[in-house]
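One structure is given below, encoded as structure tokens.
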Amino acid sequence: MEYVRMKKDFQIQEPTVVTIGKFDGRHRGHQKLLGEMVDIKKETGWKIAVFTFSETPGAVVTGGKQTVIYTNEERSHILEQAGVDYLIEYPFTDQVAHMQPEDFVKNILTGQMNAKAIVVGTDCGFGYKRAGNAKLLEKLAPELGFSLKVIEKEQEDHRDISSTYIREMLDQGCIEKANELLGRPYSIHGRVVRGNHIGSSILGFPTANLLPSGEKHLPKLGVYVSTVKMEGKIYGGITNVGRKPTVKGEYPVGVETFMFGVGQELYGKLIEVRLHHFLRPEIKFQNLDELKARIIKDKEAGLNFLKDHDEICRI
């Protein structure tokens, strides 16, 4: 996949089938849309291209903080796995915010991205004040020489599947529901950093520590059954999302995973931690012995869950 980041000056030479959106989470609605693009690629040979922004436009316009299910780096990895050929991560500036929707389609989508087909959801919005929509694309299609496919929203429980819906489930610790909406396990990607050595030196449980960026939308704090993808292999584990309250002092919210059957040095390894089941809230124990006993209990619960749900280990 060709990943164009923070650049306005680019040009795709080959014909493409294009979509636009935040793609935060690549949930089942996104997968439905991408599936249509794959079908068009099979018929025409056109490359799949996704246009998105380097920053969330709503957060830039309002100046507020908005977390994302997947960071830009995670999003690029997931979209590449989905078969995307070009990912355009455009800088969101004041000039771009005031771009007329017709100019956006003409200059960027069909101009720079060489779109011969455009695939969007029924609620798509683009250009100044999101004035552009599917009706405008339908009007511009004959003039600019692209075909248009508008995809109906995917629903679950009579509600549109959206990043907002998924974040709500994550906040409640309903990880199975979040995964169902995502169409894949929620995950945290990153390189293992050095922890406080409590795991290996005192508890005897070597752990992998990740410190996600502040923009990452983490689930409810607590302990989860997890699997970890590392160097092409999948390992079972239990993951604590939290501040380690038993250890003296409070740490920033981090992701600490005990990987079953792994005794090697994990520092510096690039891993993907996938959460599958909420075991319990984060607890402050009286001492490290209590913590160790609970980790052993959590490990047993985690092993039993993974044994009963063996299919998720092969994802």
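The values are calculated or read from the model by the stated rules, or taken from the named source; none is laboratory data. On a predicted model such as this, the values are computed, not experimentally measured, just so you know. Here the Cβ is made from the backbone with ideal geometry for all residues, glycine too, and neighbour counts use every protein chain on show. The area values use the complete protein model at the heavy-atom level, side chains included, leaving out ligands, DNA and RNA. Shrake-Rupley method; radii C 1.70, N 1.55, O 1.52, S 1.80 Å.
Screening Asp157, Asp171, Asp94 for residues that are open to solvent by 80 Å² or more (accessible area, probe 1.4 Å) and touching a Pro at 6+ places or on another chain (Cβ under 8 Å) leaves exactly one candidate, Asp171.
Consider region 268-310 and keep the residues that are assigned to a helix (DSSP H, G or I) and of a type in the set (Asp, Glu). The one that is nearest to Val193 (Cα to Cα) is Asp298. The single condition among (1) more than 15 Å from Thr67 (Cβ to Cβ); (2) aromatic (Phe, Trp, Tyr); (3) at pLDDT 95 or above that Tyr235 does not meet is (3).
May I ask you to verify whether Leu279 is at negative phi, within 23 Å of the chain's Cα centre (by Cα) and aliphatic (A, V, I, L, M)? Judged against the criteria, Leu279 is a match.
For region 105-113, the criterion of a residue being more than 23 Å from Gln13 (Cα to Cα) and either free of Cβ contacts under 8 Å to residues at least 12 places away in the same chain or surrounded by 14 or more Cβ atoms within 10 Å (Cβ to Cβ) (or both) is satisfied by no position. Looking across Phe10, Phe23, one residue alone is within 22 Å of Leu137 (Cβ to Cβ), crowded, with 21+ Cβ neighbours inside 10 Å and aromatic (Phe, Trp, Tyr). It is Phe23.
Condition test on Glu36, is it within 16 Å of Lys149 (Cβ to Cβ) and out of contact with any Ser or Thr (no Cβ under 8 Å at 6 or more places or on another chain)? Spelling it out, Glu36 is indeed within 16 Å of Lys149 (Cβ to Cβ) and out of contact with any Ser or Thr (no Cβ under 8 Å at 6 or more places or on another chain). The sole residue among Val96, Val120, Val84 that is modelled with pLDDT under 95 and of a type outside the set (Ser, Thr, Tyr) is Val96.
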